[in-house]
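Below you'll find the structure, written out as structure tokens, and then a few comments.
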Amino acid sequence: MDRLDSTLERFERLLARAEALLPPAQREPDWTAIAWRWRVPRTTGRGQLDAVRHASTITLDSLRNVDRQKALIAQNTRQFVAGLPANNVLLTGARGTGKSSLVKAVLNEFSGQGLRLIEVDKADLHDLPDIVDLVAGRPERFLVFCDDLSFEDGEAGYKALKVALDGSIAAQTDNVLIYATSNRRHLLPERMADNAGYKHDDEGELHPGEVVEEKISLSERFGLWVSFHSFRQGDYLDIARHWLTQLGGEWNAEVEREALQFALGRGSRSGRVAWQFARDRAGRDRLGMVEAMAALAAKQADPEALAARALALSGDALTDIPAGEDEL
């Protein structure tokens, strides 16, 4: 019996060590959130949904000079949350024009109707089937959001996204859509060499058109394309004025000139640059007010300054008041 007990103890110790090496059980996502990020911890190697505790609060009304794009995205999303047919969306075009912000604003607009968002990095696109399976039985409507998406030739995520959009043997889940943003319309680099295959010689491709077909096959799987274009100067100033006012600042001719100089220094008149200028200007204005109040408080705390002020108010030493002191 002693030998048996000893053997059982050794087995228990071995089992305890083996259990320590196993990844922890998959935890249930926090379904009370409205947005999640798909994360693959190094310790487990298994993807999970991490709730976003402080999601962006931007609204559709806050986005300026993209009315046509707002209308298209809002209509498609309205159909989706209503359980009606809707399309996967690809938002492409100039940088800083509000592509990502529009997706976040749409989430805030329709979250009360059951819309939810899952942000997925390009490196994790091969997990899309797992994500779809995870939410397939849920009553909410999910947007899988891929931001700033672009691929180089041969990247694994390219094929995974193609299959997820329109190429799997599994039926597409009606409570999941993919919204992606990119600066490239076809998500892949397009080179002059792609057209070289059209030459008819002994080394040319038998089917040269297939080179270009492969380039555009992914973007064509998105049923709705929404294009964004660079802002004109008036559009940029309108956005900068809007955000500065929202942040409590004042707009005047001097501020307008400064906004134009700010954009010139950045080499872009985009909505992002307008937002950055507004934050910079509002922050400097507020800091100036704080420093002025601190200086005033310091003067008022100075006994000599208080005595001089009291004497000035009594009318006995008006000629001794420094310039501006009578305004305190």
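The values are calculated or read from the model by the stated rules, or taken from the named source; none is laboratory data. Just so it is clear, the structure is predicted and the values come from calculations on it, not from any experiment. No Cβ is skipped: glycine too gets one built from the backbone with ideal geometry, and neighbour counts run over all protein chains shown.
Contact annotation: residue pairs with Cβ atoms under 8 Å, 6 or more positions apart or on different chains, pairing a residue in region 266-292 that is free of Cβ contacts under 8 Å to residues at least 24 places away in the same chain with a partner that is β-branched (Val, Ile, Thr), are 266/273. Selection of region 77-121 for residues being touching a residue at least 60 places away in the same chain (Cβ under 8 Å), among the basic types (Lys, Arg) and under 30 Å from residue 240 (Cβ atoms) yields 95, 99.
Let's see how each residue does on (1) part of a loop (DSSP other than H, G, I, E, B); (2) in the same structural domain as residue 161 (by TED's automatic domain parsing); (3) at pLDDT below 80; (4) among the acidic types (Asp, Glu):
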position: 211; (1), (2), (3), (4): no, yes, yes, no
position: 240; (1), (2), (3), (4): no, no, no, no
position: 250; (1), (2), (3), (4): yes, no, no, yes
position: 260; (1), (2), (3), (4): no, no, no, no
position: 268; (1), (2), (3), (4): yes, no, no, no
position: 272; (1), (2), (3), (4): no, no, no, no
position: 286; (1), (2), (3), (4): no, no, no, no
position: 297; (1), (2), (3), (4): no, no, yes, no
position: 305; (1), (2), (3), (4): no, no, yes, no
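Evaluation of residue 141 against the conditions (1) touching a helix residue (DSSP H, G or I) at 6+ places or on another chain (Cβ under 9 Å); (2) modelled with pLDDT under 85 shows that the sole unmet condition is (2). When we screen 75, 113 for residues that are surrounded by fewer than 21 Cβ atoms within 10 Å (Cβ to Cβ), among the polar types (S, T, N, Q) and either over 22 Å from residue 228 (Cα atoms) or in contact with a helix residue (DSSP H, G or I) (Cβ under 8 Å, 6 or more places away or on another chain) (or both), the only hit is 113. In region 263-288, the residue that is nearest to the chain's Cα centre (by Cα) out of those that are surrounded by fewer than 14 Cβ atoms within 10 Å (Cβ to Cβ) and among the hydrophobic types (A, V, I, L, M, F, W, C) is 264. Screening residue 83 against (1) among the small types (Gly, Ala, Ser); (2) modelled with pLDDT under 95; (3) in a helix (DSSP H, G or I) leaves a single unmet condition, (3). Checked across region 14-28, the condition of being surrounded by 10 or more Cβ atoms within 10 Å (Cβ to Cβ), modelled with pLDDT of 80 or more and under 26 Å from the mean Cα position of the chain (by Cα) holds for no residue.
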